[in-house]
Amino acid sequence: MTAGVPGAGHAESMAIVTRGLTKRYGSRIALSGLDLNVPRGQVYGFLGPNGSGKTTTLRLLVGLMRPNAGTIEVLGQPYSWRDRRRMFRIGSLIEAPSFYPYLSGRDNLAVFAATGAPTPRGRVDESLDAVGLTDRSGDKVKTYSLGMKQRLGIASALLSNPELLLLDEPANGLDPAGIVAMRELLRYLTETGRTVLISSHILPEVQQLADVIGIIDRGRLVREGPLDALLSETARVRVWVPPADVPRALSILAAMNAPLEPAPPGTPHAGWITVRVPADRSVEVNRLLAQNGIYASALDVSSDLESVFLSLTMGAPAATGQPLGPPPGWGEAPPTPTTGPPPGWGGPPPGTNP
Amino acid sequence: MIRLLSAELLKLRRRWATYIVLGVLISLMALVYLLVGAVGGAGRGNGASVLRFPAAYTFIDQFVFGLGGLLAIAYAAAVGGADWTWGIVRVVVARGESRSGYILVKALALAIVLLIGVLIAYLVGIALTFGAAALIGVKTGNPFAGSAFDALVRQIAYGYVVILERAAIGFGVAVLLKSQLAGIVSGIVLYIGEAILTGLLVVLTLRASDGLGTGETQWFQFLPFSIGNSVLSGTGNPNDIASAVLQPVPLGLALAVTVGYLVAGLAVAAISVERAEISS
């Protein structure tokens, strides 16, 4: 399990590459030949239903478990069970945040800072500040709310000034303001060249954050690629016209060169026509019909991640198109920071000051 | 390693269990000394004999290394298992800390705290001896004079090894079971279970030899807690039934076997955490 990833020519531009990653719990297969490509300097949304293998993947990536087969490269280095120092470059929050309840938030971070990578003095305070917990850092963790524990967990992941952050359900328990602040913090981290992998089932949140999406189902990666490309794959515009006009509307819309799906006649949905085009072509659909004397009574645009997710994991017909290749820009250097620290929780993350 | 050891000591210092365990031990000692004072004062017993040094040390030993041994098992199990119960092992390993190194430094911190606890309990025991003696008007003698001081140092040193062995067993069981509660319960059950088993086996051995004993040490005298009792017995503490009625295990051998169990307890903890698939 020390060899590099075969055939991973673009490994330098990747923060994580796995090939054929397999993990079994007894006779149950949790992961089956997982091929993951997490590009550097971007937010990777790792999605999947409960029990699909997301957390198992994260556990393997941070050395909590040994894979049964397959290879892993993290930050360009091949995986080795014995090479614990590779973890010095990774910050993680896996499953629920874990702390000593009888210690304060600050003491918990100080205790964690004593493990793993050497952590400079002051990093504890910087991490607390980055998540807006400075004021409550002296209180015992057992008095913290779920959201505060979550923020402390993120602070703990930031302690070693990591190049790669692995966050399992980071928005759990956060209030709306906390979610916005977390989003800005993570965006700021990627702007300073760091890579963030978020495992989550809160799809709207991931849709707002992620550059690249990987969807896992029953231990297999069913789709991976840039978010925009995934959304456009399943984008659709639905219009409602009088059922009697449906045949004529279909012939008019045929000019758009897009798949058309009319609802079956005689059903409650009769009159609906689904046009498989990106949302920004909805005006074109409406105009085309109107120019030909058919006025749509309703128009519905849909290009959300939820549709992509459900179509890939709920047994619905798979989205059209071929599996996606690496997204544009994967081979490029991480973007240069262009903004200041995020305004939400407090100061900039530790070690990111210009 | 120093920063990790400091962090472990901080955790133990901030943990209520540290003070509760010591408090329980000292409270029970105080209660018994109060009884000794009351009985001795009423002239209905020979309580005064346990208030004269160096014999008084043997009485203190009964608490510090007898009851203290049981408390050490529970405390060490709580310390060893807590990191699993609270999910801390997951965090520490994911931060790149050495699994076995972490566990062994934790054990080292535990050993330091236990040493401090033993010394405090012993000092309190000496103070209680003076208190109870003053209550009934008995002269204690100088606790630090000549042979008495030698006995004190010797008993604390050997007794501490026994405490460490018992703590290592509790610690190892808790880490192996990945739970502080399971570790505490299992450790105490093992301790009490072995005491009952050994008692039964002593009786059976005496019966088989018409009450004369076999003139040889028996296998059950080498069980983990019995061998620790043999060490305490070898330093003058008569709380080991087997050593009192059967051929005692020589002190040197008993000490070596006790250290062996100590190392085994730590090895179980280190190996089990090194090999563990961490899923919680």
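General observations
- Of all residues in region A:92-105, those being within 29 Å of the chain's Cα centre (by Cα) and more than 8 Å from every other protein chain (Cβ to nearest Cβ) number 3.
- Qualifying residue in region B:108-122 (condition: surrounded by fewer than 20 Cβ atoms within 10 Å (Cβ to Cβ) and within 30 Å of A:Arg89 (Cβ to Cβ)): yes
- A:Pro264 part of a helix (DSSP H, G or I), out of contact with any Leu (no Cβ under 6 Å at 6 or more places or on another chain) and farther than 30 Å from A:Gly219 by Cβ: no
- Residue within region A:243-251 that is under 25 Å from the mean Cα position of the chain (by Cα) and surrounded by fewer than 19 Cβ atoms within 10 Å (Cβ to Cβ) present: no
- Flag for B:Ala145 being more than 30 Å from B:Glu194 (Cα to Cα), touching a Leu at 6+ places or on another chain (Cβ under 9 Å) and modelled with pLDDT under 85: no
- Flag for B:Ala168 being part of a helix (DSSP H, G or I), within 29 Å of B:Val21 (Cβ to Cβ) and modelled with pLDDT under 85: no
- Residues being touching a residue at least 24 places away in the same chain (Cβ under 8 Å), within 13 Å of chain A (Cβ to nearest Cβ) and assigned to a helix (DSSP H, G or I) - total across region B:88-116: 11
- With respect to the conditions (1) facing chain B (nearest Cβ under 7 Å); (2) at pLDDT 90 or above, A:Met87 falls short on a single one, namely (2).
- Selection status of B:Glu194, free of Cβ contacts under 8 Å to residues at least 40 places away in the same chain and crowded, with 16+ Cβ neighbours inside 10 Å: yes
- Residue list for region A:35-47, filter: at positive phi and within 11 Å of the chain's Cα centre (by Cα): none
- Subset of region A:66-82 that is in contact (Cβ under 8 Å) with a residue 24 or more places away in the chain and assigned to a loop (DSSP other than H, G, I, E, B) - its residue that is farthest from the other protein chains (Cβ to nearest Cβ): A:Gly76
- Hits in region B:117-148 - residues which are of a type in the set (Gly, Ala, Ser), without any contact (Cβ under 8 Å) to a residue 12 or more places away in the chain and closer than 30 Å to B:Arg166 by Cα: B:Ala127
- Residue check, A:Ser52 more than 20 Å from A:Ile154 (Cα to Cα), under 25 Å from the mean Cα position of the chain (by Cα), crowded, with 22+ Cβ neighbours inside 10 Å and among the polar types (S, T, N, Q): yes
- Tally, over region A:106-122, of residues that are more than 7 Å from chain B (Cβ to nearest Cβ), under 20 Å from A:Arg85 (Cβ atoms) and crowded, with 21+ Cβ neighbours inside 10 Å: 2
- Number of the exception - A:Asn161 against (1) within 13 Å of chain B (Cβ to nearest Cβ); (2) within 17 Å of A:Tyr100 (Cα to Cα): (2)
- B:Leu104 fulfils the conditions (1) of a type outside the set (Ser, Thr, Tyr); (2) within 23 Å of B:Arg13 (Cβ to Cβ); (3) surrounded by 24 or more Cβ atoms within 10 Å (Cβ to Cβ); (4) under 24 Å from the mean Cα position of the chain (by Cα) except for a single criterion, (3).
- Conditions (1) facing chain B (nearest Cβ under 9 Å); (2) out of contact with any helix residue (DSSP H, G or I) (no Cβ under 7 Å at 6 or more places or on another chain); (3) under 19 Å from A:Asn172 (Cβ atoms); (4) of a type in the set (D, E, K, R); number of the one not met by A:Lys54: (1)
- Odd one out for A:Thr22, checked against (1) modelled with pLDDT under 90; (2) assigned to a strand (DSSP E or B): (1)
The values are calculated or read from the model by the stated rules, or taken from the named source; none is laboratory data. It should be emphasised that the depicted structure is a prediction, and the values quoted were computed from it without experimental measurement. All Cβ positions, even for glycine, are placed from backbone atoms using ideal geometry, and neighbour counts span all protein chains on display.
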